[in-house]
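Written out below as C-alpha cells is the structure these notes cover.
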Amino acid sequence: MKILIADDEAMSRRLLQTTMERAGYEVTAVENGRLAADELCKSEGPKLALLDWVMPELDGPGVCREVRKRKEQSYVYMILLTSKEKRENVVAGLESGADDYLTKPFDPEELKARLRTGMRILDLEDRLIEAREGMRFQATHDALTSIWNRGMIMELLGRELARSRREGKCTAILMGDLDYFKRVNDTYGHLAGGEVLKEAARRLLSSVRSYDFVGRYGGEEFLVVLNNCDTAYGLTRAEDIRKIIALRPVQTPGGLVPITMSLGLLLSQEWGYRPLEELLQEADAALYAAKEAGRNCVKVATPKIQPDGGDIPVPELARRRR
C-alpha cells in the first residue's frame, strides 16, 4: 500500500518514513502541503496520508480540503499529526476532511493500528465501487454476449443521431440478423446457439472502430452504429462485416456451425430529420429485403421520392421470423 508523509521537519519526516517502510508501506515523503496535495490528487497517487498540521504553502487541514474537492478521484484516507490537543482543534481538523487525528508524541503501534483501520475502509470502498460497476454493467450490457443491450444501444444511437445532425455528419445504422438461426438451435442445440451468438458479437466488435457501437437488438438481431460515416464507407463497412461473419464456422459443443448474416443499412443523412423509431423501421425493412434477396447480403434503405421532390415514407414491412 502506498502512503504519503508530509512534514516540513526533516528529522521527523525521516523517522516516520523509516517506521512506515519497516511496516511494509511504499512511502512518498514531501516537505510541504502543496506537494502533498499534488501527490494525493494524482490518479495513481497514495490512498493513505499522514499530514503534519503546520506546514509551509498549505497546512494539513488545507491539504484535506484540497483533496476532498477532487470528487472524481478515489477516496484518500488522511490522518492529521499535530501537537494541538484542544477540542476545537480536533473538530477543525476533522471538519476539514481528515479521517483521523493523532497528537504528538504518538505511539508507533497506535499509528499502525489506525492505518490498518484506514486500509479496511479503503478496501470496503474498493468493493463497493466494484459492486456498483458490476450493477452498471449488468444494466447496460447483454447477459449472454456482453455487448450493449437493447436499451443502451438505442440510447447511444439516439445521442449519435442528435450529434451528427448538429454537426452535419452522417451516421450509418446497420440492422443485422443471423440467417437460419432457428435451424442452429434445432440441429445443434441451444448451447450451440448461445456460442454462435457470442461469436457473432465478437466478430462484430472486431470489425468496427473503437468509437462505433454494437448492441444486441433482440434474439439473433444485432444493431451496429457507425459514427461519422459517409455513404461509400457505410456500404463498404457493411460488406466487410458480412464477410467477417461468414469467414469461418463457429466452434460449438455441438460441432462446427457455419453462419451468415443479412444486413439492412441506413444512412441518416439521406433521411433528414426522421424520428429514431422510423429510421429503425426503415433499416429493418432493408434487412427484410436482404432476406428476400437470398440472405447473406446487404440491402440499403433508400427514401422514395415524390414528384415534387419530397420524401414519402416507405411502408413498414411486416416482420417475420428468420
Residues in region 181-212 that are surrounded by 15 or more Cβ atoms within 10 Å (Cβ to Cβ), among the aromatic types (Phe, Trp, Tyr) and not in a helix (DSSP H, G or I) total 0
Among residues of region 222-279 being open to solvent by 10 Å² or more (accessible area, probe 1.4 Å) and of a type in the set (A, V, I, L, M), the residue modelled with the lowest pLDDT is ALA232
Checked region 71-99 for anything under 30 Å from the mean Cα position of the chain (by Cα) and on the phi < 0 side of the Ramachandran plot; matches are LYS71, GLU72, GLN73, SER74, TYR75, VAL76, TYR77, MET78
Being of a type in the set (A, V, I, L, M), surrounded by fewer than 22 Cβ atoms within 10 Å (Cβ to Cβ) and within 19 Å of LEU122 (Cα to Cα) narrows LEU80, LEU94, LEU58, LEU51 down to just LEU94
Taking region 2-18 and keeping only residues that are surrounded by 17 or more Cβ atoms within 10 Å (Cβ to Cβ) and in contact (Cβ under 8 Å) with a residue 24 or more places away in the chain, one is left with ILE3, LEU4, ILE5, ALA6, ASP7, LEU16
Before we move on, is VAL224 in a strand (DSSP E or B) and aliphatic (A, V, I, L, M)?
yes
Note on GLU133: of the conditions (1) more than 26 Å from GLU66 (Cβ to Cβ); (2) at pLDDT 90 or above, unmet is (2)
In the set ARG216, ARG274, the lone residue that is in a loop (DSSP other than H, G, I, E, B), of a type in the set (D, E, K, R) and in contact with a strand residue (DSSP E or B) (Cβ under 9 Å, 6 or more places away or on another chain) is ARG274
> Do we find a residue being open to solvent by less than 90 Å² (accessible area, probe 1.4 Å), without any contact (Cβ under 8 Å) to a residue 40 or more places away in the chain and of a type in the set (Lys, Arg) anywhere in region 63-71?
Replying inline: yes
**Study point:** Any chance LYS169 is out of contact with any Leu (no Cβ under 9 Å at 6 or more places or on another chain), surrounded by 14 or more Cβ atoms within 10 Å (Cβ to Cβ) and either assigned to a loop (DSSP other than H, G, I, E, B) or modelled with pLDDT of 95 or more (or both)
**Key:** yes
Filter region 120-162 for residues that are free of Cβ contacts under 8 Å to residues at least 40 places away in the same chain and over 18 Å from the mean Cα position of the chain (by Cα); the one that is most open to solvent (accessible area, probe 1.4 Å) is ARG120
Would you be able to say whether some residue in region 105-119 is of a type in the set (Val, Ile, Thr) and either touching a residue at least 60 places away in the same chain (Cβ under 8 Å) or open to solvent by less than 80 Å² (accessible area, probe 1.4 Å) (or both)? yes
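The values are calculated or read from the model by the stated rules, or taken from the named source; none is laboratory data. Worth saying up front: this structure is predicted, and the values here are computed from it rather than measured. Ideal geometry is used to build each Cβ from the backbone, glycine not excepted, and the neighbour counts take in all protein chains shown. When the accessible area is computed, the model is the full protein with side chains, heavy atoms only, and any ligands, DNA or RNA have been set aside. Shrake-Rupley method; radii C 1.70, N 1.55, O 1.52, S 1.80 Å.
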